[in-house]
Amino acid sequence: MRFATLAAALLATATLAATDASARVWEKTWKVGAEPAVHVNTNDGDIRVVRAADGTVHTRIEYKVRVWGWHSEPREPLIELNQNGDDIRITCRERGNVVVFGGMTEEFTILVEVPAACDLDIRSGDGDVDIAPGQGVLAAHTGDGHIRIEGHRGTLELSSGDGAVDAENVDGSLSATTGDGRVRVSGRFDKLVLRSGDGSLNVSAHRGSKLAEPWDVASGDGPVTVRIPRDLSALLDASTRDGSLHVDLPVDVSGGMTHHTLRGELNGGKTPLRLRTGDGRLTLALSE
């Protein structure tokens with residue numbers, strides 16, 4: 001009887017200890033020069049970057065926590081909003097909490113407004129990254145989430161540990177990797193490096209693309225489709241270890257072709273264009 005009473009009391013305590021999600025919000029605005037650099041770092045949360053008027057950077061951070069069961073009092077998250085000249089650093093991190101029995105969910109939603117010309121370094125341990133059109137050096141990484149980029153001009157380095165990467169209508173040099181997910185890109189490229197451990201790769205290179213440096217597109221286990229402009233010059237090296245090779249190019253490729261490989265000069269080019277898939281269909285065609 002005493003045990004039953006104690007158990008009932010503990011159950012009641014656990015139930016009463018449940019705390020509904022409630023949002024905490026931080027906001028800040030900085031004055032900056034013509035081309036600021038903005039760094040955003042969180043261990044768990046979605047990050048969205050939009051464009052605003054020149055001369056200012058603004059952020060709005062929303063934090064939600066929900067706990068239930070037996071737990072310590074939730075600790076305040078670490079929020080750091082710092083400026084050093086035109087360098088802005090936004091850090092949002094969970095502090096770690098003790099849950100004896102039950103559970104806890106914490107999440108950040110981070111909105112950043114930046115000028116059109118702005119260097120960006122965006123990192124999330126677990127969350128999606130969305131970046132609106134702009135220009136500058138762009139690095140974006142998420143441990144587990146989807147990266148979406150639209151209309152960016154400059155140098156782009158994108159990576160997801162487990163998620164898709166989409167970069168549409170970009171202009172410049174692009175490097176994109178994912179451990180397990182698709183990569184889909186389009187635009188005018190000077191340099192292109194794409195990697196997927198287990199996912200499809202889809203490239204549409206627009207008119208004006210050129211191999212200022214070698215291009216390398218490779219998937220460990222997935223189909224690879226590359227569409228290029230008619231006048232692209234390259235030293236083509238395409239192969240699939242255990243899949244079919246499909247070529248639809250009404251241009252001369254001086255070299256050799258088998259069921260799994262194609263090597264030779266494309267429009268007399270000398271800079272390497274390397275295409276690989278371990279187990280999947282490899283397609284090479286025109287983009288226009």
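Among the residues of region 80-95, the one identified as among the basic types (K, R) and surrounded by fewer than 14 Cβ atoms within 10 Å (Cβ to Cβ) is R95.
Have a look at G199, G208, G163 and point out the one that is assigned by TED's automatic domain parsing to the domain that holds Q135, under 13 Å from the mean Cα position of the chain (by Cα) and not in a strand (DSSP E or B).
On the way: G199 fails: under 13 Å from the mean Cα position of the chain (by Cα); G208 fails: under 13 Å from the mean Cα position of the chain (by Cα).
The conditions single out G163.
D231 meets the conditions (1) surrounded by fewer than 24 Cβ atoms within 10 Å (Cβ to Cβ); (2) at pLDDT 95 or above; (3) closer than 22 Å to L266 by Cα in every case but one. The failed one is (2). All conditions in (1) in a strand (DSSP E or B); (2) of a type outside the set (G, A, S); (3) touching a residue at least 24 places away in the same chain (Cβ under 8 Å) hold for D231, with the sole exception of (1).
Within region 146-160, the residues that satisfy the criterion of being on the phi < 0 side of the Ramachandran plot and either assigned to a strand (DSSP E or B) or in contact with a strand residue (DSSP E or B) (Cβ under 6 Å, 6 or more places away or on another chain) (or both) are I147, R148, I149, E150, H152, R153, T155, L156, E157, L158, S159, S160.
The values are calculated or read from the model by the stated rules, or taken from the named source; none is laboratory data. These numbers were taken from a predicted model, which means no experiment stands behind them. No Cβ is skipped: glycine too gets one built from the backbone with ideal geometry, and neighbour counts run over all protein chains shown.
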